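Just below is one structure, and these are the notes that go with it.
The values are calculated or read from the model by the stated rules, or taken from the named source; none is laboratory data. Because the structure is predicted, anything quoted here is derived from the model rather than measured. Cβ placement follows ideal geometry from the backbone for every residue including glycine, while neighbour counts extend to all protein chains displayed. For accessibility, only protein heavy atoms count, side chains too; no ligands or nucleic acids. Shrake-Rupley method; radii C 1.70, N 1.55, O 1.52, S 1.80 Å.
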Amino acid sequence: MMSECEPNETDPVVADDIAPVAAAAAAASTTDLNFRSQEPLSTLFDRNTVGSGTNPGVAIRISGSCESVLTELETDGSGEETLLLPCLSGGTSSPRGERQKRTRRNRRSSSSDKDNLTSPGNSSGDFNHFPGDPEFGDIIQRAEQAIEGGVFPERISQGSSGSYFVKDSKGKILGVFKPKSEEPYGHLNPKWTKYFHKLCCPCCFGRGCLIPNQGYLSEVAASLVDTRLGLGVVPKTKAVYLVSETFHYNTIDRAKSRGKKYALEMVPKVGRHFHRVGLPPKLGSFQLFVEGYHEADYWLRRFEAEPLPENIRKQLQSQFERLVILDYVIRNTDRGNDNWLIKYEKPGEGEGEKAIQIAAIDNGLAFPFKHPDEWRAYPFHWACLPQAKVPFSQETRELVLSRLSDMNFVQDLCEDLYELFMADKGFDKTMFERQMSVMRGQILNLSQALKDNKTPIQLVQMPRVVVERRRTGGQGRVVTLGTAFTQTFHCKRPFFSSW
C-alpha cells in the first residue's frame, strides 16, 4: 500500500500574533533584513493603488515603486505545491518527426530550465498562459479577472473532495477546479468524511492500486488520452494555478496573509520587500464546464421508457463505445452512471448535427500502477448496460484500431504522459513505469477485442495483462513481445469481484 499524505500539524496562529510585525519591521528597516531578491519581478495585472481596498485572497507583489497584483506560483512554507512546468497542461502535441529527433539529453536540458522558471527574480510570469491554446488561456484569464473583481469560485457540495465552480465576472460557470491539496486524501480536503474514513477504518483507507494525491494529474492525463485518440468525450482539462479566499486554506496561511497585508498598509517601505502578500495559489485541474448535460442515469431511464429512433440510437452507441475505450485505456476505477453525462436534443430542437453527446467527467481515480487485487475490483458500471452487449462498430474500429495497434503511437503517448507526470513534485519514475505497464496491457487487450469484433462486456472479461519493459526473471506466464517488452498475465483477484 502506498503511504497516504498526512496533514501538516502546525500550532494555530491568530491575527494578534501578527500585529507586532509592523513595529518589528520598522526597527529592522535599517539593518540587513535577509529578505529575498529585490530585482524587478513579473506581474500579470497592474494596479495604481494598494491598501485596504485589495480583495482578500489576491497575491500582491511590490517591485520598486510599482505595485502589482499577480498569481504567485511559489511555495512560501505554506504546504502548497511548488511550481510545475508549463508543459503540465498537456494541451499541445508535437509532430511525429520532431518527437523522433528529441533525445534524452534534450529532455534533460528542458527539465533543467525548470530551475530558471521557478526563480523568484525571473520574468517568466505566464504560467497560466497557454500559447498553443489561446481559447483556453482566455477562459483562465476571465476566471482570474472575475476572482480579482470579487466573483469567487463556489465550492461544490457533492463529492468527497474540494472542487469548485469557477465563474466569470457575470457569474457564468466557466469550469470546475479541483485543487491538488483538496483531493479526497489531500491534507487540506474540506470534506470531513474522508478524515473519519481514515480514522475509523484505516485498513480500507484509500485505493491500494493508485498513487495518492495525483487526482489532478489523472484528470489532465485523461483529457490528453482523449485528444490523442480523437474520442472527443472528455471536456478539455488542463493544470492551472488559482487563488481565492473561498478555497480551503489552513490557519497559518490565512494568518500570514493578514499579517503581511497589515505590515504593508502600516509600513509600506518594509512591506515592499515581501515576496508575496496574500494567500498562496493552489495547483489543480481545470475542466471546462459543459452545458445542457444530465447524469447518464437520468437519460438512460428515459430511453428505456421512450425508445430512441434508430439513427439516434446508433449515435448513442457510438458515443458509448468511445467512453468504453477511454475508461479501459486509462483503467478508470471510479466510473458509475453518476459521473458521466449525456446531452440529448430531439431532432429539430438543436442546431448541431449530433443529437446525443456524452461527456466523461471525474477522471481523477485512473492510471493505477497495478490491477486492483486487494479488497475491491472497482468494476466498470457501464458493463451492465444493454449497450455493452453490442459489438464495437466499424466506425469505432476505424477511429482507434490503427493507432492502438501501432507501438510507435503507444510509445509516443507514454512519452507525452511522462512529460506531464514528471513535473509533479512527488514524481516517481519507477511507479510511473508501472502505470504505463498497466496501460499498455489495457491497450493490447483492447486492440485484440476490436480485431475480434467483441463486445464491451467481453472486453472487460478478458484476462488482465501487464506489458512492461523486458527484465530478467519475473513471475507468472510471460510471453515475449519483442526485444523491449514482455507480457504478463495478472492472475491475483480482489476479495470482492463486483464491488
* Structure fact -> Counting sequence-distant residues (5 or more places) and residues on other chains, those with an amide H built under 5 Å from that of V243 are K282
* Label-point separation, D406 to D373 (7 Å along Cα→Cβ), nm -> 3.3
* Asked: Tell me, in nm to one decimal, what length is gained between Q145 and K346 on full extension, where the rule is 0.36 nm per residue of separation less the Cα-Cα distance?
  -> 68.6 nm
* To do: May I ask you to give the percent of accessible area on segment 315-436 that is carbon plus sulfur, with a probe radius of 1.4 Å?
  => 48
* Mean Cβ count within 10 Å, highest first, over the residues of peptides 361-367, 145-151 -> 361-367, 145-151
